[in-house]
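The values are calculated or read from the model by the stated rules, or taken from the named source; none is laboratory data. Everything numeric here is computed off the predicted structure, so don't read it as measured data. Neighbour counts run over all protein chains shown; Cβ positions are idealised from the backbone, glycine included. These area figures cover heavy atoms from the full protein model, side chains too; ligands, DNA and RNA do not enter into them. Shrake-Rupley method; radii C 1.70, N 1.55, O 1.52, S 1.80 Å.
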Amino acid sequence: DAKTTQPPSMDCAEGRAANLPCNHSTISGNEYVYWYRQIHSQGPQYIIHGLKNNETNEMASLIITEDRKSSTLILPHATLRDTAVYYCIVPITGANSKLTFGKGITLSVRP
Amino acid sequence: DTGVSQDPRHKITKRGQNVTFRCDPISEHNRLYWYRQTLGQGPEFLTYFQNEAQLEKSRLLSDRFSAERPKGSFSTLEIQRTEQGDSAMYLCASSLAPEWGGKNIQYFGAGTRLSVL
């Protein structure tokens, strides 16, 4: 899988935007970027995915740089329930089978 | 909304015993995946099915592990002669098989936590 790099942790204040970065400098032109999160002791939860354009859904926004070598997940108004491990994943196109999870970034939202 | 369900949620067993876990995917999904997660690590891929065919197995899936999806709906994961190193969370996910190069969004269950004493 394309290697992704995320900082190990970050925090933000409740109600503020949380901007979670991810580097994927070896991404190929047709590979998607997926974001999942895992709240303690639960299964991973799909958040959003993108290919080239920025994307937004009810959970978050995904900003992908023009060269596609990095992306940022934005939680516009973080709440305490957003405290979780966030994974940025770029699976191999065509294999389209397994997701390779790294260590992710631990987001701590403080009151 | 019936998501992916896994049973049991927790299993405690003694070393050497056999255990079996069940996963019921989202009903219209034809792909089903198994992952394993140990403490402090991200989930690791074990195997996946498209309909009833097992299409890929990880090297993590030793001979003591077997997975089935006999009718292309639910799946079972069996571990024979459990070892303490098998203690982990076993996660199931399902998806719709994508068109070539298309997106493949996997939806996960809550997992089965196995403790081998």
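Figures for the structure shown
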{"quantity": "Close pairs from the stretch A:12-37: first more than 10 Å from chain B (Cβ to nearest Cβ) and more than 18 Å from residue A:85 (Cβ to Cβ), partner open to solvent by 50 Å² or more (accessible area, probe 1.4 Å) and basic (Lys, Arg), Cβ under 6 Å, at least 6 apart", "calculated": "A:13/A:110; A:25/A:69; A:26/A:3"}
{"quantity": "The one condition in (1) at pLDDT 95 or above; (2) in contact with a strand residue (DSSP E or B) (Cβ under 6 Å, 6 or more places away or on another chain); (3) open to solvent by less than 90 Å² (accessible area, probe 1.4 Å) that residue B:12 fails to fulfil", "calculated": "(3)"}
{"quantity": "Restricting the stretch B:40-61 to residues that are in a loop (DSSP other than H, G, I, E, B) and free of Cβ contacts under 8 Å to residues at least 24 places away in the same chain, the residue that is nearest to the other protein chains (Cβ to nearest Cβ)", "calculated": "B:42"}
{"quantity": "Enumeration of residues in the stretch A:43-63 that are open to solvent by less than 10 Å² (accessible area, probe 1.4 Å) and either more than 30 Å from residue B:6 (Cα to Cα) or part of a strand (DSSP E or B) (or both)", "calculated": "A:47, A:48, A:50, A:62"}
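Residues checked against (1) in contact with a strand residue (DSSP E or B) (Cβ under 8 Å, 6 or more places away or on another chain); (2) at pLDDT 95 or above; (3) in a strand (DSSP E or B); (4) at the interface with chain A (Cβ under 9 Å from one of its Cβ atoms):
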site: B:78; (1), (2), (3), (4): yes, yes, yes, no
site: B:93; (1), (2), (3), (4): yes, yes, yes, yes
site: B:97; (1), (2), (3), (4): yes, no, no, yes
site: B:100; (1), (2), (3), (4): no, no, no, yes
site: B:103; (1), (2), (3), (4): yes, no, no, yes
